[in-house]
Each structure stands twice: as structure tokens, then as C-alpha cells.
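Working notes for the structure below.
The values are calculated or read from the model by the stated rules, or taken from the named source; none is laboratory data. Here the structure is a predicted model, which is why all the values come from computation and not from measurement. Backbone-built Cβ (ideal geometry, glycine too); neighbour counts: all protein chains shown. Please note that ligands, DNA and RNA were not included when accessible areas were found on the heavy atoms of the full protein model with its side chains. Shrake-Rupley method; radii C 1.70, N 1.55, O 1.52, S 1.80 Å.
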Amino acid sequence: MAQTDLPEGAAPLDLLRETSAPGPDRLLTIVIGAYNHQRFLAEAFAAIEASGVCDRLALIFIDDGSPDETIPFVRDYPFDPSLHVRVFEKKNAGLRDSLASGLALTDTPFVAFMASDDLYVPAGLAAIVDRLARAGAPDLCWVAQATYLEGRDGERVYGAAIEATLSADPERRERELSVQFPKPLLLQSTVFGTDMLRAAGPWIDGLALDDWPTFIKVAGLARRRAIDMRPMFDIVLCRYRIHDGGTHNNLERQLRICLEVAERGVAPAYRREAIANVFADVAVIHLYQRELPSALRLFGRALNARRHPATIARPAIRILSSAVRRLGGNGAD
């Protein structure tokens, strides 16, 4: 698979280090876009190496102008000699820029994206590589299971609802992924066919969110092209750390960037419903926080976007689903 040029407008990359070499036996490239996470990297690298499949892997590490000691650490890290590693640095241009550049530089049939403060489960990574080696076709999007780190340590991220969505027929799957933000649906628990993902065209349209619009694009492509898009929840692939500064902790930003996806990243047939659902979901969060005026204002905007019984019912359904999930502790819906 030939390496492509960097996306138009991408920040220039400087190659700082390369170990081992590419080759036809390498199946999967892991792209890590890092910013200010040097303290987590030793554990993340060790987990990849503990998988025992480094000879089938490549690693692209892109530092996004970190102010900490990331570059000296990665430049000197004693990587497993069987792992093909390329270390790049660039000026700060954001995670989406790093993801798009990493995809462009990938030269293996399959690609995965690991957040620089998360880590793989070694046995899960080995199981995914084994399954990829036996895959019938390169056009795939497999979402493996993930578990939380720290405060919710060991709790599974995905429950039955997202499994049903990913297992649905292509039309229903695209609609469901389009009209409601799947919180969370993780890039770092997913493997993609490289050429398929390039054809979907993620991270080139200026949307702030990196995950939701990517899965919408892949689901849309899967309606026009035979793509093996499904859950692989028998494999736990990654450990996921919830960020203190994440979108879920900033409702104003969450509303803004989710509306951006609903307005620009969703097909016209689903757009009004997606916009209404964004307003309704953030209204429910304000209700949880006992901010009744904000909740009522946003719910009014939801009804203005789509006057439909489903819009009225949505807050009650979300509250009930959340209560059931909290009682069951079996992953997000």
C-alpha cells in the first residue's frame, strides 16, 4: 500500500526517528496523536509490546507541539526492535490534524488510533491482529469492547444499545448513528480498513469532534459499499481514560460542537432530528444539574427544530435509560 501525501492544509511533519522497517507481513498501523501526555506513554508503549505481535505492527507517533518532555522521552524510548516505529513532531494544530496525517502515512492494510493517555489490552490487541490476519476483505470497521480506567476502573464502555446499532442493517445503522451522538463510541477501540477509511474522508471538513462524524461517514459509505461494520465485543481492546477537561464537563462546548456535527456532518434526511436530539440531550444534562431555566430553554429549541412526539418523549427516555444503566453498571447506552 503506497503512502499518500499529507492532507491539504495539514501541519508539516518532521521525522525524528524510525526503527525497524515496513514490510508485507505488517497488518496494522497504530496511530498515536499526542499532546502533553508524556506521563502516560511508557505504559501505553509497554502494553503494545506485551501483545507479542510487534512483528505484525507499525506505530506512527505524532507529537502535536507538546510543551512537556514528550519528544525527548519518545526519541530515547527503547522500542521493541521488531516494531516499525516512526516518530514525528509538528507545530500544535490539534488532534484531527494528527489523525488525518497519521491515516495518510499509514502503509498497512488496517489502521487503528490510540489516544495518548489510554492504552491497549495486550491480549485484546493480539486477538484483533489474529482476526485481521484471517479477515476475508480489507473493507472493515470493527468496534471492539473497551473498559474504563481509574474512577470507573474495569467497567465496560459499551452495552446492548450500541451493539444493536452497530449490528443493524446499513440504513438503520446510518440513521441511528446520525441522529444521536453515541456517547461514547471510541476511535481507540476500533480498527479500520485503511483504504476504506480514506474513502470515507474523515477529519478534513473542519468539524471539531473527531469520533462521531467519523462513524457517521463510515456508516454512510457502508450503504454504498460492502463494509464489514460491526461490534467485536468479545474482545476487550483498550482501556479508556475519561478526561477531566473532556467535552462532557463543558456543556456549552458540548452543545456547540455536537450542533456543528448535526448541522454539517449529517445527511439532510436526518438533520432536523439530529439537531433536535442534540438540544434535548443537553437539556437533560442541565435538568440533572437542577438548572431548570436552561433545560427548558434548550428543550424549546429542540421542539423548534423538530415538532414530533419523539422529541417530546426523548428526555424521559434518556432519564430512564440513564437510571437503568447506573443500576446495572453494564456500560453506556
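Which net charge results for the neighbourhood of Ala137, defined as the other residues with beta-carbon distances under 15 angstrom from its beta-carbon, given Lys and Arg at +1 and Asp and Glu at -1?
+1
Arg239: net charge of surrounding residues, Cβ under 14 Å, Lys/Arg +1, Asp/Glu -1, itself excluded?
-3
On a C-alpha basis, how far is the centre of segment 185-209 from the centre of segment 34-57 in Å? Whole number, if you could?
Each part's Cα centre sits 21 Å from the other's.
What does the accessible area per residue of the chain come to in Å², with a 1.4 Å probe and no ligands, DNA or RNA counted?
44
For the chain, just list the percent of Cα-Cα distances falling in each 20 Å bin from zero outward, please.
Result, from short to long distances: 31, 58, 11 percent.
Per DSSP H run of at least 4 residues, take -39500 (n - 2.57); add these up for the chain, divide by its residues and hand me the 222 nm value, nearest 500 deg cm²/dmol.
-14000 deg cm²/dmol
Can you give me the distance in nm between label points at Asp14 and Asp68, each placed 7 Å from the Cα along the Cα-to-Cβ direction?
With each label point 7 Å from Cα toward Cβ, the separation is 2.1 nm.
Give me the lysines in straight-line cross-link reach of Lys217: C-alpha distance below 26 Å, same-chain residues under 8 apart excluded.
Of all the lysines, those that pass the test against Lys217 - Cα under 26 Å, at least 8 places apart if same chain - are Lys183.
At a 1.4 Å probe, what is the % contribution of carbon and sulfur to the accessible area of the chain?
Whole-percent figure for carbon plus sulfur exposure: 51.
Under a plain spin-label model, where a point goes 7 Å from the Cα along Cα-to-Cβ, how far apart in nm are Asp234 and Ala313?
A separation of 3.5 nm, rounded to one decimal place.
Say we join alpha carbon atoms closer than 10 Å with springs in a Gaussian network model of the chain; which of Phe110, Phe233, Phe73 then has the biggest fluctuation?
Fluctuation is largest for Phe73.
In debye to the nearest 20, how big a dipole does the chain give about its Cα centre with +1 on each Lys and Arg Cβ and -1 on each Asp and Glu Cβ?
1600
What does the charge count near Leu105 come to, summing +1 for each Lys or Arg and -1 for each Asp or Glu among other residues with Cβ under 10 Å from its Cβ?
-1
In degrees, nearest 10, range 0 to 90: what is the angle between the Cα axis of helix 292-305 and the longest Cα principal axis of the chain?
That helix lies at roughly 90 degrees to the long axis.
At 7 Å along Cα-to-Cβ for each site, give me the label-to-label distance between Ala104 and Ala137 in nm.
It is 2.9 nm.
With the cut-off at 1.5 for a/c, could you classify segment 134-198 from its C-alpha gyration tensor as rounded, prolate or oblate?
It comes out oblate by the Cα gyration axes.
Once you have a ≥ b ≥ c as the square roots of the Cα gyration tensor eigenvalues for segment 175-276, tell me rounded if a/c is under 1.5, and otherwise prolate or oblate according to whether a/b is larger than b/c.
oblate
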